[in-house]
Every structure is written in structure tokens, then in C-alpha cells.
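The values are calculated or read from the model by the stated rules, or taken from the named source; none is laboratory data. These numbers come from a predicted model, not from an experiment. Cβ atoms come from the backbone with ideal geometry, glycine included; neighbour counts cover every protein chain shown.
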Protein chains: 2
Amino acid sequence: MKLTTKGRYAVTAVLDLALHCEKGPVTLADIAERQKLSLSYLEQLFSKLRKAEVVKAVRGPGGGYLLGSTTENISVSEIIDAVEEKVDATQCGGQGDCNKGMACLTHTLWQDLNDQVHGFLKGVSIASLMERSAVKQVALRQDAGPQDEPQIVTLED
Amino acid sequence: MKLTTKGRYAVTAVLDLALHCEKGPVTLADIAERQKLSLSYLEQLFSKLRKAEVVKAVRGPGGGYLLGSTTENISVSEIIDAVEEKVDATQCGGQGDCNKGMACLTHTLWQDLNDQVHGFLKGVSIASLMERSAVKQVALRQDAGPQDEPQIVTLED
DNA sequence: GAAAAGCTGAGTAATTTAGTTGGTTAAAAG
DNA sequence: CTTTTAACCAACTAAATTACTCAGCTTTTC
């Protein structure tokens, strides 16, 4: 498991999708615009996300992407797994015999560590991220105090 | 926070150091040999680790590196922080106002997520990794059954 | 059948990772 | 006090990954 900006882009994009797809498919062009990413890069990421069934595509005019599952059932780890190449941590093919056992043990350890991080991120759903988002926006609105044009929580652009 | 092979190399190297420094300083050449890494790359990593006081250097013949603290007090997150560049996730300088609030919220979320992973890895010490290592070796020995030259748990090369 | 979108692949620029080279200092040993 | 050992350091290069561009194709709606 890797954790880089690529994974962040993917999570951000899926979250953006989740926040906008209630009324129908969302185009990558829209997400690219909102998140300031290149359309083609998003296409590449979503190609992987679609193959991993994190998202669903709807082709043709009025088309775009929808979530492949409920927000509760999509975890951050799924998204990251879909887009990041898996680091093949083993030089020994999992035989446990590289470098007289020593090096292999240490990278088995790393694998364990990764598994733990993975397990942790598996427990974080898009739904929970959205909830935080809503909470944060409410918090921001409260910080700003009463206004003529309240920064409403609708989350539509 | 990033989580890449670079961080893995650093964790592996520090773990190797921890497993071998009981009888005195360990040279990078030894670690490079055991872990199959280039000496110069290790030098770069250890330069950062030393500045972060994860390790201590002893110069001259018979010199090498020692741990900067007890194995209980060195966490995986410290090691990774020392070697990986910090991803500046904010395009807005933390003002919370980039892209009309929306993008900024999502990357604040990412920041939160990172903080959680970070907190998690802060709880994993070198000591606990070593313990796992010892346990694993015992397990391996047991799997292999009784032997003439038992794969003893001494952990010295 | 034109337009809107997804889909695909080849290519490229920028960044990061990993390694190389060629030194210099500090300390120990002889 | 000279040699050796090993850390320290900086500039450079190579390889890999990330991010993007371009150019076209396919599916679906109007």
C-alpha cells in the first residue's frame, strides 16, 4: 500500500462525486473544474476506479459517473487500492528465504504495518468523510456568524 | 504524510540497526550489505535521521550509528517523518478559502485522514517491531521443526 | 447524424526516488 | 604523525512515477 498525492486526488475526486451525484451522473469535466485537476488525468484515475467498481459510468450526453455503491460501502482503502500500484514489497516471492531470512523478516514486518494502515483506512467510508464535511461546513458557518447570504450547507456548486 | 518505499527503506534500516547495535556502533556499509541498499542512499537517509535525532553517529574507525533513543521511544512515524518530504496538501495556505471553500474542505479532510494514519504509526515503536521479529523467528523455527543447526533467535548476523 | 460524454493509448514534462562519483572531515590505531 | 576507517557532504545521473497532453474512437441522447 502506498499513500501519495495520487491517492489523495482519487479520494478527493470520489468525495466530490459523492457530494454532487444525488441528482444524476456527474461529468469528469465538472470534477476537473472544481478540483483543479486535468480531465485526462481524472479519466485515467476513473478508468481504474470503474474497473474496481468504485464508480459506475454512464455514457452519452447527460452521462457521467455515479458511485458504484452506497457511500457507507465505499472505503478510502478501496479507492487507494484502485489507483495506486501495489508495492511488491517482496524480493523473495514470499518464500521467506531472501538474504538468509533477515531482510525478509523486516519486509514481512513492513507488510504487517501496511496491513494495519490498510485495515484502518478500510474502516473510513465516504459516508463518514461526507459527514465530517457537513460538520465542518456548519462549523465554518457558525464561525462566520449570521449573514445576508449564509454559506448554506447544500453542497451544490 | 506520505507512505512510500523510501519510508520503508528507512524503517527497515533503523530496524536493522536496532537489531545489531547492542554491541556497539553499526556501519552503514553493514546495513547496506544486509539490506541490499546502496551505501550513498543510506547516507542520505541517515543524514536526515540523524538531524531528527532518531540515530546518533560515531565517527572514525569502529564508528557507525547508534539509536538516538531507546527502542521504546522511537516510533515508525518519527522515522517516516524524518525521511519523507512533507506533502504540502494546501493550495490555499490553510486559509480555507480556495476554490470557494469546497476543495479546501476536501483537502482538510485528507489532512485529517493523514493525521489519523500518523497517530496510528506513532503508536508503533521499534521495540514492538523487534518483538514481532523475535516472535516470527521463533515461529519459523517451530515450523521448521527440530534441527541440527537451529535457527537461533540471537538476531546477530 | 450531430453533439455530449466516456473510453483508450501513445507520448511527454515534471517530480521523486535511488544510486553514483568524488571528495572532506573526525577519530582511532599503528 | 601518518594511515585507515567511517561519517559527512554536494553535485550529478538514471530510473521510476506522477501528472498532463493530444488525438482519436465509441456509446448514447436529441
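Exactly one residue among B:Asp30, B:Asp16 is touching a strand residue (DSSP E or B) at 6+ places or on another chain (Cβ under 9 Å) and within 11 Å of DNA strand D (Cβ to nearest atom), and that residue is B:Asp30. Here B:Lys36 meets the list (1) under 26 Å from A:Glu84 (Cα atoms); (2) in contact with a helix residue (DSSP H, G or I) (Cβ under 6 Å, 6 or more places away or on another chain) almost entirely, failing just condition (2).
The residues on offer are A:Thr71, A:Thr4, A:Thr106, and the sole one that is within 14 Å of chain B (Cβ to nearest Cβ) and modelled with pLDDT of 95 or more is A:Thr71. The single condition among (1) within 12 Å of chain B (Cβ to nearest Cβ); (2) near DNA strand D (Cβ under 8 Å from one of its atoms) that A:Leu39 does not satisfy is (1). All conditions in (1) modelled with pLDDT of 95 or more; (2) buried (at least 20 other Cβ atoms within 10 Å of the Cβ); (3) closer than 20 Å to B:Val117 by Cα hold for B:Leu45, with the sole exception of (3).
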